[in-house]
Amino acid sequence: MTVRVQNEDFDVNAEIDALRGLSDEIGAIVTFTGTVRGRANGESLSAMTLEHYPGMTERELARVEAMALERWPLQGTTIIHRIGELEPGANIVLVVTASRHRQAAFDAAAFLMDYLKTSATFWKKEAAADGSGSWVDARESDDEALARWADPPA
Amino acid sequence: MKLTIKYFAWVREKVGVGEEQLDVPDDVTTVGDLAAWLATRSEAHANAFARADVIRAACDQTHAPPTAPLANVSEVAFFPPVTGG
């Protein structure tokens, strides 16, 4: 169970291997990697800056991780989110889930991302190629994605 | 009541500071009261809280609605809806 907020990049394979070693019962590892788009709404971006609320962010990520562990039989989870200035193509976020079987790992990874996007205290500011900056607006579709987890899994 | 107030993202930019320590009047008892009181403190605060309906809050680093009481709270943060991930 790992939660990290960091400036530096992460190594997806190293994080998979770290979970793989936790238990010989693991039969499924799912990863989600979020990256910086080089283009948004038809405009080229030169960089993206991630701000967060130190302390609360880590608490929220740990809370969301604990919720996933209650709902699915997971052998391990890892959530890493980068902060600071990131270039197009760069990694932003990594979620890794490990379970005995694939469905729990797939579902838990989607759940973690949906909760992270609506409750973890990060804010994105995009810098356009012309140097202008603008804060990214929250998307209603993220709230809709969250709603599908309202009922406990069958 | 002494409170640490924190601001993030465009709320921080509009207020002009990321954090301030304030002595809040006793009749300010909820997060919503606090937002309304902060908006009276300066033109920058008023500008930041002009879109009060979209601003979110946290009490002692836990998400909190406008109706949340401030009793026993030491840190309140105001910020836009989150956009991480």
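With contacts taken as Cα pairs under 8 Å at a separation of at least 6 residues, chain A carries a relative contact order of 32 percent. Within the straight-line cut-off of under 30 Å between alpha carbons, the lysines reachable from A:Lys125 are A:Lys117, B:Lys6, B:Lys14, sequence neighbours fewer than 8 places apart in one chain being disregarded. Full extension of the segment from A:Glu140 to A:Arg39, taken as 0.36 nm per residue of separation minus the current Cα-Cα distance, would add 34.3 nm.
Note the full-extension length gain between A:Glu25 and A:Glu70 as 0.36 nm times their separation in residues minus their Cα-Cα distance, in nm to one decimal. Kindly include the intermediate steps, with their values, before the conclusion.
Working: separation 45, 0.36 × 45 = 16.20 nm, distance 1.82 nm.
Extra length from A:Glu25 to A:Glu70 when fully extended: 14.4 nm.
Among the aspartates and glutamates, which have Cα under 18 Å from the Cα of B:Lys2 when same-chain residues fewer than 8 positions away are ignored? Qualifying aspartates and glutamates at Cα under 18 Å: B:Glu19, B:Glu20, B:Asp23, B:Asp26, B:Asp27, B:Asp33, B:Asp60, B:Glu75. Between A:Ala128 and A:Gln103, the modelled labels are 4.8 nm apart [label points 7 Å from Cα along Cα→Cβ].
For B:Glu13 and A:Asn13, the FRET efficiency from 1/(1 + (r/R0)^6), where r spans their Cβ atoms and R0 equals 22 Å, is about 0.05.
Evaluate the relative contact order of chain B (contact order divided by residue number), counting alpha-carbon pairs under 8 angstrom at least 6 apart; express in whole percent.
Numbers: 151 pairs, mean separation 31.1, N = 85.
Taking the mean separation of contacting Cα pairs over the length of chain B, I get 37 percent.
Sum -39500 (n - 2.57) across every DSSP H segment of at least 4 residues in chain B, then divide by the residue count to get the 222 nm mean residue ellipticity, nearest 500. Working shown, then result.
Details: 3 runs with 21 residues, N = 85.
Calculated mean residue ellipticity at 222 nm is -6000 deg cm²/dmol.
Every read-out reported here was derived from the displayed coordinates using simple, explicitly stated rules and does not represent laboratory data. Just so you know, these numbers come straight off a predicted model, no measurement behind them. We place every Cβ from the backbone using ideal geometry, glycine too, and count neighbours over all the protein chains shown.
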